[in-house]
1. Specify, per residue and in Å³, the volume enclosed by the convex hull of the alpha carbon atoms belonging to the range 316-461.
2. Just name one of Ala255, Val423, Pro463: the one whose Cα is farthest towards the positive end of the charge dipole of the chain (beta-carbon charges, Lys/Arg +1, Asp/Glu -1).
3. Dividing the Cα radius of gyration by the Kirkwood radius, what Rg/Rh value follows for the range 114-197?
4. Taking amide H positions as placed 1.01 Å from N in the peptide plane, with prolines and chain starts having none, which residues 5 or more places from Thr54, or on another chain, fall under 5 Å of its amide H?
5. Of the listed values [x] 42.2; [y] 23.4; [z] 21.6, identify the label whose number matches mean projected area of the Cα convex hull in nm² calculated from this model.
6. Report, in debye and to the nearest 20, how large the dipole of the range 383-471 comes out about its Cα centre when Lys and Arg carry +1 and Asp and Glu carry -1 on their Cβ.
7. With the Cα gyration tensor of the range 22-217 giving a ≥ b ≥ c as the square roots of its eigenvalues, does the rule (a/c under 1.5 for rounded; else a/b larger than b/c for prolate; else oblate) give rounded, prolate or oblate?
8. So, counting K/R as plus one and D/E as minus one, what does the shell of residues with Cβ under 14 Å around Phe113 add up to?
Amino acid sequence: MMSLRNAAGLLAVGIMMLAATPAQATFHFMQIEQVIGGVGGNTAAQAIQLRMRTGSQNFVSQGRIRAFDAAGANPVVIINFTSDVPNGALGDRVLVTTAAFNSLTIPVCVPNFTMTNPIPPSYLAAGSLTFESDTGIIYWRLSWGGAGYTGSNAGSATNDANGDFGPPFGAALPTAGVSALRFNGTASALSTTNLADYSITAGAAVVTNNARNSFTVTLGACCPAAGGCTEFQTAAACAAAGGVYQGNNTTCASAPCTPTTGACCLPNGSCLADQTAGTCDAAGGAFEGAGSLCGSVNCPVTTGACCAHNGTCAELTEAECMTSGGQFEGLASVCTPNPCPVVPVGACCTGDGNCHVDPADDCVLHGGFYFGDGTDCVTSTCRCLVGDTNCDGFVNNFDIDPFVFALLSAESPTPPADYALLVADAAECWAQRVCWADLNCDGAFNNFDIDPFVGCLVASPPPGQPCECAP
């Protein structure tokens, strides 16, 4: 039978063992192993990974993570743990991520906790992160930003022999690519200094949750439809932009895009860079080929100033200018300042009975009758009936003498005197003589038109009607 003294001794040992258990089976032997401030420039995608320095440190419901600004002030609670994690062996992790981070890994990340209050963007260049108890005892501190961080580096001596985690890591938290700021020591290692203990991962960061599942941060190069190359894109974002995803963890250097754009030479000799064949054609240019550069192509000038009769100017090719009836001023000539004189135009009746608006000189050159500057073909109509030699609107015996006088001077640019005595508006009517006098339809006024004219008068057409052409 156990003596009262022995029973008291066993009870004391039991109480001491119970008192000792929380000191080991808790949460405070912990490293901040890895921090990601952003992925591909997206600072909403963050991750913090803790690692246990001994066993039985999985009772994290007693702890929290806080962030401080560059002066070590304005603390923000990143997460206050409200539950524990199941695995608590040496080296086991606790993974905390934002929701925006999870889709950027392969496979899709499954964290132990989701932070809804990430590290503020203004803290990412220089700041501090602490893993601490709910009562504020700092068990691990990670500071970054080099001389930009001027706050405290202090913590408890639980995980750092002298309780001083400084000086801080010398650069900002990684945000632009796929890297993480990672602790270089072993799972059981104490902190020495943040500057000595941490480095940015050379490749894509790998995070691990408490279930010991790992997730690789995965972005890649994207070849947009418009050309060029964009790095740090998700496959989904690249496809949404109409691009071609080059694969996980690729860069523009490791997986260059086949050029789809090039230089585009415009008719005025200028060059547009980064154009597709379609956009170049729409701009009226000549595509120099995919991958071509404006600095290495020679764009010839194929246009010049084209002067219209009304004095307006347009920069066209010579063929375009001629087609429009303009005057081409030469290759590389320009419209500023305007080199085009204003040339008066008016209605011109040519020998075929048609009316055109032309300069006076052009009208005379083509054997037409010019009505005057500013006239038009609406108010100045050309009158012509085949056989109506005096332009009175009827084919009859009154056309005989004008026909004879006209035939004797058919080549004269002005009406002969005898003709002018017989015909009202003689100059206008004379300008149309090929129209009313070409009775045999050969395009000329000569002796071969006499017989058809006589035949027309023998059987005169109805009033207001022309003779029929008699070849």
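Read-outs throughout are calculated quantities, based only on the coordinates presented, and are distinct from any laboratory measurement. Quick caveat: nothing in here was measured; it's all calculated off a predicted structure. Every residue, glycine among them, receives a Cβ derived from its backbone with ideal geometry; neighbour counts consider all protein chains shown.
1. Roughly 131 Å³ of hull volume per residue.
2. Ala255
3. 0.96
4. Under 5 Å from the amide H of Thr54: Gly91.
5. [x]
6. The dipole magnitude comes to about 80 debye.
7. Rounded, since a/c falls under 1.5.
8. Residues close to Phe113 contribute a combined charge of +1.
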